[in-house]
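One structure is given below, encoded as structure tokens.
The values are calculated or read from the model by the stated rules, or taken from the named source; none is laboratory data. As the structure is a prediction and not an experimental result, all values here were calculated from the model. Here the Cβ is made from the backbone with ideal geometry for all residues, glycine too, and neighbour counts use every protein chain on show. Accessible surface areas use protein heavy atoms only, side chains included; no ligands, DNA or RNA. Shrake-Rupley method; radii C 1.70, N 1.55, O 1.52, S 1.80 Å.
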Amino acid sequence: MRKNLLSAIAQTGASVGLALLSIAIFRFLSPDQVAFLRQHYFVPFALVTAFAPANQNYLRSILFSEPPSTDIRGEMNSLAIVQLVTGALLLIGIILSINRSGATVTWLNTVALMFALLLVLARTITTSILEFRGNYFTSIVLNNFGGAIPYISAFSFALISSQNSFFLGTIALNFLNIVAVLAIASRLSDRKSYQFANWTSGRFQFNFGRYLTLSQISLGSVVVYQGVEFFLYNHTQYNRVDIANYGLAFSTLAIIRQIILTAVQPLERLHNSIASVNVPGIGNIKQAVAIEITIYLILAGAILLLPPIIRFAFPNFAAAATFMPPLVLGVLGSAIQQIYSVRMIALARTGFLGSTQIALASASIIAVAFLNSSLSMINLVWILSSLIWLRGCIVIPLYAEFYGKKGSAVMWVTRLIVSTILPMCFF
């Protein structure tokens with residue numbers, strides 16, 4: 001129990017730390033510099049790593065499967081092969097897409113993305129084995145240190161004002177991290193069960209169906225957020241400075257979203273979703289209702305505090321606050337959806353979650369593709385956030401309640417009122 005608590009604290013602290021680093025670069029870089037880094041590295045890297053099969057959940061499903069896999073080493077080798085091939089193809093496609101937009105992807109830019117992908121592959125296999133052996137703390141450290149590398153390099157970009165300094169710094173740090181991960185992997189491997197890479201043994205075995213099932217929800221999320229931003233940069237005529245301001249607003253509210261998801265975690269066990277908590281002055285209320293009220297309070301605090309903080313801390317990104325009202329609506333949808341998702345996952349009703357997430361991702365990309373020429377960027381963001389809200393606050397709850405216990409009419413009315421009032425508080 002103590003080990004699990006320490007791991008949870010470490011993961012929460014690391015997540016918050018990475019989130020703070022992600023917005024700190026906006027303080028030290030100009031809007032044009034931020035737009036360059038997000039267009040050429042951060043967003044492409046998020047897309048490639050999400051779509052390529054080096055997915056830790058996939059490997060965890062193999063390691064912790066019942067009955068256990070009889071050829072774990074062969075499955076790891078197969079995962080590495082598939083990752084190298086699909087990662088390279090995805091990277092080529094993204095580079096061609098950026099070049100087609102009129103921007104130029106240099107060879108240093110390409111090498112930096114390649115090293116990042118190699119690190120993800122090495123880290124996925126190594127940290128999965130660490131978790132299988134119960135060493136969660138080391139796994140958390142490895143995962144999050146790798147995530148911090150591009151932000152550390154971004155500060156060198158701010159100091160030297162050279163694009164090459166960012167890519168060279170990222171390549172060097174990723175290379176050192178790969179060496180460290182491989183050194184740990186070599187100590188973990190043994191001839192009986194695990195060996196980090198052994199290309200001469202084991203037959204090819206990769207379960208594409210399992211990978212797609214596990215990845216549906218996360219892939220949809222990446223398309224809704226990073227996919228939309230990639231499309232904004234490379235296939236629309238919106239001003240890069242406006243997109244960079246949108247990036248700051250999104251990154252700031254991503255921290256709020258992470259805090260909310262942490263608050264929802266107690267619902268992950270089915271019996272907790274029907275448990276009650278005692279609220280002083282009110283009495284016993286259902287835990288799910290208490291968490292939903294907590295979400296409203298967190299968002300209300302964000303609305304009061306974030307605009308003045310943005311204007312004070314990021315004077316070059318004052319326009320970021322204009323994107324927060326619609327993004328808050330999207331965060332609300334994501335949060336309410338998460339409350340119902342944990343129940344649906346516990347009841348093994350994940351198919352609807354995945355299919356609606358893919359539908360949302362497709363609708364978002366279609367909206368950007370067909371409406372960017374006729375709408376201002378802020379109006380387009382309102383539409384995209386409204387789609388997220390519709391899925392999270394209406395579609396998912398209706399489905400969950402249709403197949404489960406009927407929800408409270410009072411909470412439905414409260415949810416709709418809050419959905420109306422929260423964004424208006426910015427104006």
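Would you confirm, using the coordinates I've provided, whether GLN33 is in a helix (DSSP H, G or I), open to solvent by 30 Å² or more (accessible area, probe 1.4 Å) and modelled with pLDDT under 80?
Values: in a helix (DSSP H, G or I): yes; open to solvent by 30 Å² or more (accessible area, probe 1.4 Å): yes; modelled with pLDDT under 80: no.
So GLN33 does not fit the description; no.
Filter segment 206-234 for residues that are open to solvent by less than 40 Å² (accessible area, probe 1.4 Å) and of a type in the set (A, V, I, L, M, F, W, C); which is farthest from LEU360 (Cα to Cα)?
Step by step, filter segment 206-234, then rank; the result is PHE206.
For the subset of segment 89-139 comprising residues that are closer than 20 Å to PHE208 by Cβ and touching a helix residue (DSSP H, G or I) at 6+ places or on another chain (Cβ under 8 Å), which member is most open to solvent (accessible area, probe 1.4 Å)?
LEU90
In segment 312-322, which residue that is part of a helix (DSSP H, G or I), open to solvent by 10 Å² or more (accessible area, probe 1.4 Å) and at pLDDT 85 or above is farthest from ALA290 (Cα to Cα)?
ASN316
Condition first: part of a helix (DSSP H, G or I), modelled with pLDDT under 85 and aliphatic (A, V, I, L, M). Now tell me which residues in segment 339-386 satisfy that.
ILE339, VAL342, MET344, ILE345, ALA346, LEU353 - these are the residues of segment 339-386 that are part of a helix (DSSP H, G or I), modelled with pLDDT under 85 and aliphatic (A, V, I, L, M).
Please go through segment 235-245 and give me each residue that is open to solvent by 10 Å² or more (accessible area, probe 1.4 Å), part of a helix (DSSP H, G or I) and within 17 Å of SER30 (Cβ to Cβ), ordered by number.
Residues satisfying the conditions are ARG240, VAL241, ASP242.
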